[in-house]
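What follows is a single structure, written as structure tokens, with notes after it.
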Amino acid sequence: MAVNRASVVDQNFLDAVGAMPTPALRSDLESPVRPGAALTARETLALFHSMVSSRILDIEARVLKAKGQSFYTIGGSGHECNAAVAHATRHTDPAFLHYRSGGFFQHRASQVPGESPLFDVLLGMVGSADEPIAGGRHKVFGSLSLNIPPQTSTIASHLPKAMGAAFAIDRAKRLGVASSVPNDSISICTFGDASSNHSTATGAINAAIWGAWQNVPIPVLFVCEDNGMGISVNTPSGWVNAAYGHRPGLKYVHGDGLDIVDAVRAAREAADWVREHRKPAFLHLSVVRLLGHAGSDVEQLYQTLGQIEAKEARDPLLATARLLIENGWRSPAEILSLYEDLRIRVHALGQEAVSRPKITTAEEVIEPLAPMDAAVIHTEAMRQGDPAARDAFWGARLPETDRPRHLAMQLNRALGDALVKYPEMLIFGEDVSKKGGVYHVTAKLAEKASVGRVFNTLLDEQSILGTALGAGQMGLLPVPEIQYLAYLHNAVDQLRGEAATLQYFSQRQFKNPMVMRMASYAYQKGFGGHFHNDNSVTSLRDIPGLVLASPSNGSDAVAMLKTCIAAAKMEGAVVAFLEPIALYMTKDLHEPGDGLWTSTYDPAAEALPMGTAKTYGSGTDLTIVSWANGLWMSLRVAERLRSQGIDARVVDLRWLAPMPEQDILREAMATGKVLVVDETRKTGGVSEAIYTLLIEGGFKGELRRVTGWDTFIPLGAAANLVLVQEDDIEKAVVELHHHTVPPKQTDRHNQKEG
């Protein structure tokens, strides 16, 4: 049976302190805690209190777990000197903490009156609905008043947004718009040595250096708490220093995280440097991991007893107690009294936490995902920007005076008007500035709004979205661009694990508004292969609370973009705005030169509420449901078949989430026959959700679907073999109309299915 190392470490501390001789006590607490130290005795005593608080919480977590009352035991034992980072910074500096930064959390809370960090952490451990940040949904370090957004990441996925927050602090100051923190703030993020190897971490640190290399202010303090272990895997000796100690543009400071005096010295040096120079720094704190990775981790399976005991002998809590006793600031009895008093207090608070209410219904679980206020969003969407500013932005020729234009141009105009309306709005991504994006949607916006608001980024989707996340948290309104849908898959966790979870795990106290624009889908006549023709939206549709907008034409795009930006502004919405590449420049619908897929620009156009579809025609023979490229093709097919006596109505979903459920059901019931044209894939595509909606909604009529193949998209004409084509739609419509298909559906590749 594995030995309870928490009990061992606890008893070791009691025995070692109890055996120390009582010194001649001193009372001049403003003196250095030891000769030559910059840290005073009073400061050290406060830090020690925070460190002990963190340690006792770790021990209590295991006590509660043994009774089945605690559900989280990853702690910070051995890392307690990270309290030094809180001591060296301000409580207004946004701090993105990983799960071992308990000392930091306790010490920052001690700097702000009215906080209850011991009880708050305990409430999180036991999953109480009274926990003030996540409401029992997860155990996190988080507090609005302490400027600590909750983090659920375990592998440094919070580093990109910490970098983005740092960028946004100075960018907001440059633009003269309000930020949620003081202008001279710095961004702090903590992580482990194993996580420093993750691509997300290396990308975020590289992005910060890349920006600083070009004199872009990015005041971020990366804090690596290096305990030499990644669960059971050793970090090679000297690796963190070798990887980050000599990077151009990255200030490197090492500190002994087992010596509170040196930890504070290093933290002050690094934090002050970042604050003064507005550039990134890497604080490398050498610490030790005690009590294993978590309560369920049996360290003896991968470390010898000698190795475990050697680490326990380096306990930073014991080292700090020894520092205070040997220099005469406290007696052993006083240290033990503080330790035991905190144990009694934490245990009592733990029992109180256990008695507090838990989440008991599914409705409570999903409450932070509640629908947004449509009326508030619509009012904001219809609010007009300053006319004089708009005239200055567009110059002598306002966009509404121009001829009808295609989707790409209408998006450009809508984005321009949004820049006028929202001084805090930023547009950024690879190539969006002078080039105007791959498809020129952002052309000339940088010269009209300035490169401070429309700018290029490095080629790293994680960093692009991280910049958006951090900027949103700092009070800006980011509209990042991802060049292609396939590129998003490199960074989808920034949406899933970070963006979409923030309001959920903070009960809407924090928000990271974002409208992510993305060139999407296929039908580029075979150009570029699968990385430029991606039709998979499954990973997006699976993210709770994420808004998915997908216009097919310019007028809808303008009206939907208004709504999306207003939702981000007013409700903190995270939006994926999927723009069909093949329709960017499309002008015609039925015949060459008909211009039916263009529109005039109307700055006062009515905003489109989320989850509302559009129906073309009033045919009674059947209903075609589609969107984007499928919608354009379906309209062409419906027009041709009208001459054959088949009159179909065509429904444009427009919103993939929230899906226009009532509109779909109404239009399906109107004809009793539904064909779903899904340009994505048979498996995991949108058609599956529509089928489910119709069946569960009581639809008793006939259902068919045409879908793309379950495959990647090849180059050239071969792409058309696996993508939905107009002939496929027409065949399915005719068969459905004449009841010639057996009671099984057909997909693009003529497979039969039940």
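Here are some notes:
- The residue that is surrounded by the fewest Cβ atoms within 10 Å (Cβ to Cβ), among those in segment 440-470 that are under 17 Å from Leu488 (Cα atoms) and hydroxyl-bearing (Ser, Thr, Tyr), is Thr457.
- Among the residues of segment 92-115, the one identified as farther than 19 Å from Glu43 by Cβ and of a type in the set (Lys, Arg) is Arg100.
- Any strands (runs of 3 or more DSSP E) falling wholly within segment 640-705 and containing at least 2 residues that are surrounded by 16 or more Cβ atoms within 10 Å (Cβ to Cβ) and touching an Asp or Glu at 6+ places or on another chain (Cβ under 7 Å): 648-652, 673-681
- Yes/no for Phe48 being among the aromatic types (Phe, Trp, Tyr), buried (at least 21 other Cβ atoms within 10 Å of the Cβ), out of contact with any strand residue (DSSP E or B) (no Cβ under 7 Å at 6 or more places or on another chain) and at pLDDT 95 or above: yes
- Residue within segment 398-407 that is assigned to a helix (DSSP H, G or I), of a type in the set (A, V, I, L, M, F, W, C) and modelled with pLDDT of 95 or more present: yes
- Yes/no for Ala86 being under 29 Å from Ala165 (Cβ atoms) and either under 30 Å from the mean Cα position of the chain (by Cα) or assigned by TED's automatic domain parsing to the domain that holds His347 (or both): yes
- Gly416 vs. criteria part of a loop (DSSP other than H, G, I, E, B), more than 30 Å from Ala129 (Cα to Cα) and touching a residue at least 24 places away in the same chain (Cβ under 8 Å): no
- Some residue of segment 588-609 being of a type in the set (A, V, I, L, M) and under 27 Å from the mean Cα position of the chain (by Cα): yes
- Some residue of segment 612-628 being in a helix (DSSP H, G or I) and either out of contact with any strand residue (DSSP E or B) (no Cβ under 9 Å at 6 or more places or on another chain) or crowded, with 18+ Cβ neighbours inside 10 Å (or both): yes
- Residue, surrounded by the most Cβ atoms within 10 Å (Cβ to Cβ), within segment 241-263, restricted to residues that are out of contact with any strand residue (DSSP E or B) (no Cβ under 8 Å at 6 or more places or on another chain) and of a type in the set (Val, Ile, Thr): Ile260
- Test: residue in segment 587-598 that is of a type in the set (S, T, N, Q) and surrounded by fewer than 20 Cβ atoms within 10 Å (Cβ to Cβ): no
- Of the residues making up segment 180-231, those that are part of a loop (DSSP other than H, G, I, E, B) and polar (S, T, N, Q) are Ser180, Asn183, Ser185, Gln214, Asn215, Asn227.
- For segment 231-240, the condition of being buried (at least 19 other Cβ atoms within 10 Å of the Cβ), assigned by TED's automatic domain parsing to the domain that holds Leu57, closer than 27 Å to Leu317 by Cβ and touching a residue at least 24 places away in the same chain (Cβ under 8 Å) holds for at least one residue.
- Each residue in segment 104-125 was checked for being within 15 Å of Ala86 (Cα to Cα) and either outside the structural domain of Ala61 (by TED's automatic domain parsing) or surrounded by 24 or more Cβ atoms within 10 Å (Cβ to Cβ) (or both), and 6 pass.
- Checking Val140, Val63, Val177 one by one, the residue that is part of a helix (DSSP H, G or I), modelled with pLDDT under 95, over 28 Å from Leu39 (Cα atoms) and not charged (D, E, K, R) is Val63 and no other.
- Residues in segment 278-300 that are at pLDDT 95 or above and either touching a Pro at 6+ places or on another chain (Cβ under 8 Å) or small (Gly, Ala, Ser) (or both): Arg278, Lys279, Pro280, Ala281, Ser286, Val287, Val288.
- Any hit, segment 69-88, residues being of a type in the set (Phe, Trp, Tyr), more than 15 Å from Leu258 (Cα to Cα) and not in a loop (DSSP other than H, G, I, E, B): no
- Among the conditions (1) surrounded by 24 or more Cβ atoms within 10 Å (Cβ to Cβ); (2) under 23 Å from Ser157 (Cα atoms), the only one that Tyr72 does not satisfy is (1).
- If you filter segment 419-444 down to residues that are aliphatic (A, V, I, L, M) and in a loop (DSSP other than H, G, I, E, B), you find that the one that is nearest to the chain's Cα centre (by Cα) is Val432.
- Listed conditions (1) within 30 Å of Val420 (Cβ to Cβ); (2) in contact with a Leu (Cβ under 6 Å, 6 or more places away or on another chain); (3) of a type in the set (D, E, K, R) are all met by Asp184, apart from (2).
- Taken together, Gly697, Gly684 contain a single residue that is small (Gly, Ala, Ser), farther than 20 Å from His532 by Cβ, modelled with pLDDT of 95 or more and out of contact with any Cys (no Cβ under 8 Å at 6 or more places or on another chain), which is Gly697.
- Qualifying positions in segment 671-699 - out of contact with any helix residue (DSSP H, G or I) (no Cβ under 9 Å at 6 or more places or on another chain) and touching a residue at least 12 places away in the same chain (Cβ under 8 Å): Thr671, Gly672, Ser687, Tyr691
- Looking across Leu502, Leu476, Leu485, one residue alone is closer than 20 Å to Glu579 by Cα, buried (at least 22 other Cβ atoms within 10 Å of the Cβ) and touching a residue at least 24 places away in the same chain (Cβ under 8 Å). It is Leu485.
- For segment 356-369, filtering for residues that are loosely packed, with under 12 Cβ neighbours inside 10 Å and within 16 Å of Met125 (Cα to Cα) leaves 1.
- Sole residue being assigned to a loop (DSSP other than H, G, I, E, B), over 15 Å from Leu290 (Cβ atoms) and among the basic types (Lys, Arg), chosen from Arg34, Arg42, Arg100: Arg34
- Of the residues making up segment 222-240, those that are touching a strand residue (DSSP E or B) at 6+ places or on another chain (Cβ under 8 Å) and polar (S, T, N, Q) are Asn227, Thr235.
- The residues of segment 213-225 that are surrounded by fewer than 23 Cβ atoms within 10 Å (Cβ to Cβ) and touching a helix residue (DSSP H, G or I) at 6+ places or on another chain (Cβ under 9 Å), listed by number, are Val216, Pro217.
- Positions within segment 338-374 being within 21 Å of Ser116 (Cα to Cα) and free of Cβ contacts under 8 Å to residues at least 12 places away in the same chain, in sequence order: Glu340, Asp341, Ile344, Ala348, Gln351, Ser355
The values are calculated or read from the model by the stated rules, or taken from the named source; none is laboratory data. Bear in mind the structure is a predicted one, so any value in this text is a computation, not a measurement. Neighbour counts are summed over all protein chains in view; Cβ atoms, including those assigned to glycine, are modelled from backbone coordinates with ideal geometry.
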